[in-house]
Amino acid sequence: MTTILTVPPSLDDGTFESLLQQMAPLAADAKVLVDARHTRWASPYGLIGLLTLAQSRADTPQFIPPEDPNTASYWARSGFFRNAEKLYEMMRPVPRSRTGDSNYFLEITPIAKTEDVQHVVQHIQERSAAIMETLGFPPSGAIGFSVVLSESCQNIIEHADGPGWVAVQNYDWKKRLGRRVVVIAVTDCGIGFRQSLAPKRGSSDRWDDGAALESALSRGTSRFHDPGRGQGLAGIKRYVAKWGAKLTIRSGTARIGIIPAWDDELALIEHLPPFPGAQMQIIIPQAVAS
Amino acid sequence: MLQLMPLDLRKALARAECDLYSNLVTRATGRAVRSQLETMLRDMPGQRLAVLDFTHVGVLDFSCADEIVAQLLLRFGAGLPAHAPALPTPSYFMFRGLAEAHLEALEPVLERHGLALVAEGPDGSMQLIGMVEPDEHSTWQLVVASGGGDVDAIASFAAEARMDLHDRLVALARRRLVIQTAAGFHPLQHH
């Protein structure tokens, strides 16, 4: 029997949870069909989340692409179908696109080895002028942006023990914030924070996904004994604070965040539907002219 | 005799077969570049002053800053505790071409390890970066102002007598922030 997982009309980090909710009761090897026919919009987090979802299944899942041609075309240009075709059995033809067709700052890109991170940083450096202009940051801010991207992707290489994805796009959040934002999304299908940091847990400590995320984000705990480790996430936190940005990391059944004043999400949410690996999102708002 | 050794990080990147990129990012890249730098250093006998030139480096991330700068300083003895035996032929490092963006990655890394380094500005002036106590800083400034020499010569530049100046200079030399020779203590200068 095949279970249909319905992709919501608007797919972002919040509504992605409804997909995971549908998947939660299923065995890992249960056959699933991901139905995106009625989906009209997806954030970078949503799109790379769909790729990670496919990687989390024991059997190759099936996929029905969006019926709306504009949506399907946009997903193609983002690089989604190019990668999804390797992970899903496509139930309908999908539009073709070439790398570089989209207005994505960074199209959906697989991260599996160090050279992938080098490539991503090089690509973002080439687009840095447009990104800084979008954010209203001085040109010198491009380096910090690249550092955040590099360290976010390196979490996959250094800690996930599994492959991952990254994408960067900008949006005009007129209604929600009255400003443009740049969104960095990084996901992986690896071992997650709880398992990665398990050797560092105290014997009497509560240890679950929430505790592991708190340990990593609040105390800079790393799986390695070297005191030089664990600086990437700490550095990301500093940039997030400097930019008034929002950082969320989901792993297992919990999500932790650094929530700025312009957002009202909870800093820690637990008892979410389980999902392997880690999913990070950074939303950087355009600077307000002083 | 102190040997000067200019180290262009772009060349080390190229020798580490990372020459497609002038960005110092990822731990693996950092390890490869440090390995190249260590090989270059091993090729030079005796006491060395290595100048690491960041002029052509674009992005420096925290992981690479840790693998290259912090680990290099630590491996060549800058982080040794006071009671540990000093290395027989110490290496000293000066850093050139560090931009503000590089420092944003470098300073937290140095603080994490309790390290400091000497950076040379575009005008040739020097400054300390990283974890430095005010007393260490004022002692280092004395060495720079005096141009170096024995303890008495350096002490003559102090506004007031310092009984413990010798110990402080030795401590700075152990941190690789001044050069210690038989003739005394000297700033990290290559000219």
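Screening A:Arg92 against (1) farther than 22 Å from A:Arg179 by Cβ; (2) in contact (Cβ under 8 Å) with a residue 60 or more places away in the chain leaves a single unmet condition, (2). Within the stretch B:75-102, the residues that satisfy the criterion of being at pLDDT 90 or above and surrounded by fewer than 17 Cβ atoms within 10 Å (Cβ to Cβ) are B:Ala99, B:Glu100. Scoring A:Val288 on the criteria (1) part of a loop (DSSP other than H, G, I, E, B); (2) of a type in the set (Val, Ile, Thr); (3) modelled with pLDDT of 95 or more leaves a single failure, condition (3).
Is at least one residue of the stretch A:205-223 away from every other protein chain (no Cβ under 14 Å), among the basic types (Lys, Arg) and without any contact (Cβ under 8 Å) to a residue 24 or more places away in the chain?
Checked against the condition, which is being away from every other protein chain (no Cβ under 14 Å), among the basic types (Lys, Arg) and without any contact (Cβ under 8 Å) to a residue 24 or more places away in the chain, the stretch A:205-223 yields at least one hit.
Looking at the stretch A:226-248, which of the residues that are part of a helix (DSSP H, G or I) and among the hydrophobic types (A, V, I, L, M, F, W, C) is nearest to the other protein chains (Cβ to nearest Cβ)? Once the filter is applied, the top-ranked residue is A:Ala234.
Within the stretch A:161-171, the presence of a residue that is within 18 Å of the chain's Cα centre (by Cα), in a helix (DSSP H, G or I) and within 19 Å of B:Asn23 (Cβ to Cβ) is excluded. Among the residues making up the stretch A:157-180, a single one is among the β-branched types (Val, Ile, Thr) and either under 17 Å from B:Gly30 (Cα atoms) or surrounded by fewer than 23 Cβ atoms within 10 Å (Cβ to Cβ) (or both): A:Ile157.
Candidates B:His186, B:His137, B:His102: the one that is touching a residue at least 12 places away in the same chain (Cβ under 8 Å) and more than 21 Å from B:Phe54 (Cα to Cα) is B:His186. Criterion first (within 14 Å of chain B (Cβ to nearest Cβ), in contact with a Gly (Cβ under 9 Å, 6 or more places away or on another chain) and modelled with pLDDT of 95 or more) does A:Ile111 satisfy it? Taking the combined requirement at face value, the residue satisfies it. If the condition is being in a helix (DSSP H, G or I) and either facing chain B (nearest Cβ under 10 Å) or more than 21 Å from A:Asn103 (Cβ to Cβ) (or both), then the stretch A:135-151 contributes A:Gly141, A:Ala142, A:Ile143, A:Gly144, A:Phe145, A:Ser146, A:Val147, A:Val148, A:Leu149, A:Ser150, A:Glu151. Looking at A:Arg255, is it of a type in the set (Lys, Arg) and under 27 Å from A:Ala287 (Cβ atoms)? Criteria met by A:Arg255.
Specify the residue that is nearest to the other protein chains (Cβ to nearest Cβ); the eligible residues are those in the stretch B:20-77 that are of a type in the set (A, V, I, L, M) and in contact with a Pro (Cβ under 9 Å, 6 or more places away or on another chain). Only one residue tops the list, namely B:Ala65. The set of residues from the stretch B:125-165 being out of contact with any helix residue (DSSP H, G or I) (no Cβ under 8 Å at 6 or more places or on another chain), of a type in the set (Gly, Ala, Ser) and modelled with pLDDT of 90 or more comprises B:Ser125, B:Ser138, B:Ala145, B:Gly147, B:Gly149. Quick check on the stretch B:33-53. Is at least one of its residues at pLDDT below 90, among the hydroxyl-bearing types (Ser, Thr, Tyr) and closer than 19 Å to A:Val147 by Cβ? No.
The rows are residues; the columns are (1) of a type in the set (S, T, N, Q); (2) over 23 Å from A:Leu149 (Cβ atoms).
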{"position": "A:Glu85", "(1), (2)": "no, yes"}
{"position": "A:Glu89", "(1), (2)": "no, yes"}
{"position": "A:Ser97", "(1), (2)": "yes, no"}
{"position": "A:Tyr104", "(1), (2)": "no, no"}
{"position": "A:Glu107", "(1), (2)": "no, no"}
{"position": "A:Ala112", "(1), (2)": "no, no"}
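Got at least one residue in the stretch B:124-142 being more than 14 Å from chain A (Cβ to nearest Cβ), among the aliphatic types (A, V, I, L, M), under 14 Å from B:Phe185 (Cα atoms) and in contact with a Pro (Cβ under 6 Å, 6 or more places away or on another chain)? Taking every residue of the stretch B:124-142 in turn, none turns out to be more than 14 Å from chain A (Cβ to nearest Cβ), among the aliphatic types (A, V, I, L, M), under 14 Å from B:Phe185 (Cα atoms) and in contact with a Pro (Cβ under 6 Å, 6 or more places away or on another chain). Within the stretch B:140-169, the set of residues being surrounded by fewer than 17 Cβ atoms within 10 Å (Cβ to Cβ), without any contact (Cβ under 8 Å) to a residue 24 or more places away in the chain and of a type outside the set (Ser, Thr, Tyr) comprises B:Gln141, B:Ala145, B:Asp152, B:Phe157, B:Ala158, B:Ala159, B:Glu160, B:Ala161, B:Met163, B:Asp164, B:His166, B:Asp167.
For the stretch B:54-76, the set of residues classified as of a type in the set (S, T, N, Q) and under 14 Å from the mean Cα position of the chain (by Cα) consists of B:Gln71 only.
The values are calculated or read from the model by the stated rules, or taken from the named source; none is laboratory data. Values in this document were obtained by computation on a predicted structure and should not be read as measured data. Please note: Cβ atoms are built from the backbone with ideal geometry, for glycine as well, and neighbour counts cover all protein chains shown.
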